[in-house]
1. Condition first: small (G, A, S) and either surrounded by fewer than 16 Cβ atoms within 10 Å (Cβ to Cβ) or assigned to a strand (DSSP E or B) (or both). Now tell me which residues in the range 97-133 satisfy that.
2. For the range 56-69, which positions are part of a loop (DSSP other than H, G, I, E, B), in contact (Cβ under 8 Å) with a residue 24 or more places away in the chain and buried (at least 16 other Cβ atoms within 10 Å of the Cβ)?
3. Based on what the data block shows, is P25 within 27 Å of G119 (Cα to Cα), buried (at least 17 other Cβ atoms within 10 Å of the Cβ), modelled with pLDDT of 95 or more and not acidic (D, E)?
4. For residues in the range 74-96 being out of contact with any Phe, Trp or Tyr (no Cβ under 9 Å at 6 or more places or on another chain) and crowded, with 22+ Cβ neighbours inside 10 Å, which is nearest to G44 (Cα to Cα)?
5. Note down all Cβ pairs under 7 Å where the first residue falls in the range 35-55 and is part of a strand (DSSP E or B), the second is of a type in the set (G, A, S) and surrounded by fewer than 21 Cβ atoms within 10 Å (Cβ to Cβ), and they're at least six residues apart or on different chains.
6. Is the range 83-97 home to any residue that is within 23 Å of F19 (Cβ to Cβ), at pLDDT 95 or above, in contact with a helix residue (DSSP H, G or I) (Cβ under 7 Å, 6 or more places away or on another chain) and not basic (K, R)?
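The values are calculated or read from the model by the stated rules, or taken from the named source; none is laboratory data. Please read these numbers as outputs of a predicted model, since none were measured by experiment. Here the Cβ is made from the backbone with ideal geometry for all residues, glycine too, and neighbour counts use every protein chain on show.
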Amino acid sequence: MTTLPTTTGSFGDKPTITFPDSDAPAGLQVEVLEEGTGPVVEAGRSIVVNYLGQTWGGHVFDNSYDRGQTIDFPIGVGMVIGGWDKGLVGRNVGDRVLLSIPPEHGYGMRGMPAAGIKGTDTLVFVVDVVGVK
């Protein structure tokens, strides 16, 4: 059985991620924490999100909640890490999604040293899908 982290807060709130006492699961894991009722996110559109990113069992490396503004970017077209392209296309506006992203769907073996992400790190994101353009 795959054990994913648990989170606090609801859509729009900065989440806190609590990790289980187990290793990160293999493969991309996507769990919808809260169901939205807005439009479906389609590949090639721009998605508007709030997010918190943390290494498995480790540090928060980025979050938009503290900045107080969403970000938007094209989704499903290779502009962001693969785990976001694969995990967020098909979601609905209003969804809160937990993503567990292994290195092969994240930054690969090179990692992202500037953010303190090693090539072996599994990345965990909580993403609020705020809109789609």
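1. S100, G108, A114, A115, G116, G119, G131
2. Answer for the range 56-69, where residues must be part of a loop (DSSP other than H, G, I, E, B), in contact (Cβ under 8 Å) with a residue 24 or more places away in the chain and buried (at least 16 other Cβ atoms within 10 Å of the Cβ): W56, G57, Y65.
3. no
4. Taking the candidates together, the pick is L88.
5. V40/G90; V48/G131; N50/S64; Y51/S64
6. So far as the range 83-97 goes, yes, one or more of its residues are within 23 Å of F19 (Cβ to Cβ), at pLDDT 95 or above, in contact with a helix residue (DSSP H, G or I) (Cβ under 7 Å, 6 or more places away or on another chain) and not basic (K, R).
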